[in-house]
Amino acid sequence: MARRLPPLPTIADIIRLYGLSARSQLSQNFLLDLNITERLVRVAGGDLSSCCVCEVGPGPGSLTRSILNAGAAHLIAVERDRRFLPSLEYDTGQCLPAFKLYSTVQLLSEASEDRLKVVYGDALDFNIEESCASFVEGKSWEGDPPNFHLMGNLPFNVSIPLLLKWLSLMATRTGPFSLGRTQLTLTFQKEVAERIMAPPNDPQRSRLSVMTQHLCHVKWGFKIRGKAFTPPPKVDAVVLKLTPLVTPRITVDYSTLEKVVKALFQYRRKYIRRGATLLFPEEKGGQTKAQREGLVEELFRLSGVEETLRPQALTIEQFGALTSAYSQLVNTDNVASL
Ligand code: SAM
């Protein structure tokens, strides 16, 4: 039976009482409707008892409440806005006197019987496993996912860099993925979620599709209309759940795959031959134009991939073949790589 929080003021009341205005530079679009955050928790799996969760950007705490209500045993939340930290670390000076020493987080922290810890930091640099490892029973990569989740109504402006960072940690099984196949339940701008999920030949197919699908099973949770947020952004959001695959779709070095995918998508509307020339830079190796053309030809010959495809048409396996061929070529003497 999940441990529930005692009754608390609504998030809307809290925002009003504490005079919290949203800061656009931190992509603050708050969810005030707990039905939505509870649904988000159900996408993660519903019952979080005996789980440790790391939440990105708790803000005034709506998703935080739903995670605690789902019984999470430990919740470490990382927040970049000091207004959402416990009162001893921050005093807004704008609140009603009675609330000055009693921040939103303090309230929630006490109600949670110390299951919640909010730390100040940038999720992009935050050492998640250092803060959470002691609460998590690590699992082998081949086993079930560990009792550990990454969750967040992500700030739109850092969602892509965060995802790319987590994917590179997933590829090397480091950071939060040193504890096993840690699952992630996150919101993204709808257009970004569509890019993440796009199959070959879909107009939204992009670098994010290839890098994510290579490593994860991605499940579409549900759409959240822009007007459900306060303040409402111009776009809708989507909740996605990512589960790392036991075996990645292709066996290649992740950073080399990243270079190849990035170079080919540089010219989305052109044949991949055009982007492939970027993989053999003139400046670094002093390769002549003719040598570069020869290397590009060799890349397609070795990989068996047709050079007159457009990047959106390529399967993950074709990106894999090109990456293996590229590694083979740049390991040859005198070939300069990116
Ligand atoms: N979880 C709250 C909700 O659902 O209403 C707030 C979500 S709001 C979209 C994003 C939150 O992330 C804000 O509280 C913002 O201050 C915080 N944030 C922005 N950039 C961050 C970063 N780099 N690291 C950690 N938190 C960040």
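The values are calculated or read from the model by the stated rules, or taken from the named source; none is laboratory data. All of these numbers come straight from a predicted model, not from anything done at the bench. Backbone-built Cβ (ideal geometry, glycine too); neighbour counts: all protein chains shown. Accessible surface is based on the protein model in full, side chains and every heavy atom, while ligands, DNA and RNA are left aside. Shrake-Rupley method; radii C 1.70, N 1.55, O 1.52, S 1.80 Å.
Brief remarks on what is shown
- Residues satisfying the stated conditions in the range 112-149, i.e. outside any loop (DSSP other than H, G, I, E, B) and touching a Cys at 6+ places or on another chain (Cβ under 8 Å): Ile128, Ser131, Cys132, Phe135, Phe148, His149
- Unmet requirement for Pro203, which otherwise passes all of (1) in contact (Cβ under 8 Å) with a residue 60 or more places away in the chain; (2) touching a Ser or Thr at 6+ places or on another chain (Cβ under 9 Å): (2)
To keep it simple, each residue is scored yes or no on (1) near the ligand (Cβ under 10 Å from one of its atoms); (2) closer than 17 Å to Thr187 by Cα.
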{"residue": "Ala12", "(1), (2)": "no, no"}
{"residue": "Gly46", "(1), (2)": "no, yes"}
{"residue": "Cys54", "(1), (2)": "no, yes"}
{"residue": "Thr64", "(1), (2)": "yes, yes"}
{"residue": "Ala77", "(1), (2)": "yes, yes"}
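- Within the range 285-312, residues that are under 17 Å from Leu338 (Cβ atoms) sit with their Cβ atoms under 7 Å from residues that are among the basic types (Lys, Arg), at 6+ positions apart or across chains, in these pairs: Val296/Arg273; Pro311/Arg268.
- Of all residues in the range 151-174, those that are in the same structural domain as Ile76 (by TED's automatic domain parsing) have Cβ atoms under 7 Å from Cβ atoms of residues that are within 9 Å of the ligand (Cβ to nearest atom) and of a type in the set (Ser, Thr, Tyr), 6 or more apart or on another chain, in Asn153/Thr187; Leu154/Thr187; Pro155/Ser27; Phe156/Ser27; Asn157/Ser27.
- Residue that is nearest to Ser27 (Cα to Cα), among those in the range 114-137 that are more than 20 Å from the chain's Cα centre (by Cα) and open to solvent by 50 Å² or more (accessible area, probe 1.4 Å): Lys117
- Some residue of the range 230-244 being assigned to a helix (DSSP H, G or I), out of contact with any His (no Cβ under 9 Å at 6 or more places or on another chain) and touching a residue at least 40 places away in the same chain (Cβ under 8 Å): no
- Residues in the range 34-43 that are hydrophobic (A, V, I, L, M, F, W, C) and within 19 Å of the chain's Cα centre (by Cα): Leu40, Val41, Val43.
- Test result for Gln291, assigned to a loop (DSSP other than H, G, I, E, B) and surrounded by 14 or more Cβ atoms within 10 Å (Cβ to Cβ): no
- Checked against (1) among the charged types (D, E, K, R); (2) assigned to a loop (DSSP other than H, G, I, E, B); (3) without any contact (Cβ under 8 Å) to a residue 24 or more places away in the chain, Arg249 passes all but condition (3).
- Candidates Met211, Met170: the one that is within 28 Å of Thr308 (Cα to Cα) and not charged (D, E, K, R) is Met211.
- Residues of the range 165-187 that are open to solvent by 30 Å² or more (accessible area, probe 1.4 Å) and within 15 Å of the ligand (Cβ to nearest atom): Lys165 alone.
- Of residues in the range 23-33 being under 22 Å from the mean Cα position of the chain (by Cα) and more than 8 Å from the ligand (Cβ to nearest atom), the one surrounded by the most Cβ atoms within 10 Å (Cβ to Cβ): Ser24
- Odd one out for Gly152 among (1) touching a Leu at 6+ places or on another chain (Cβ under 7 Å); (2) open to solvent by 10 Å² or more (accessible area, probe 1.4 Å); (3) within 16 Å of the ligand (Cβ to nearest atom): (2)
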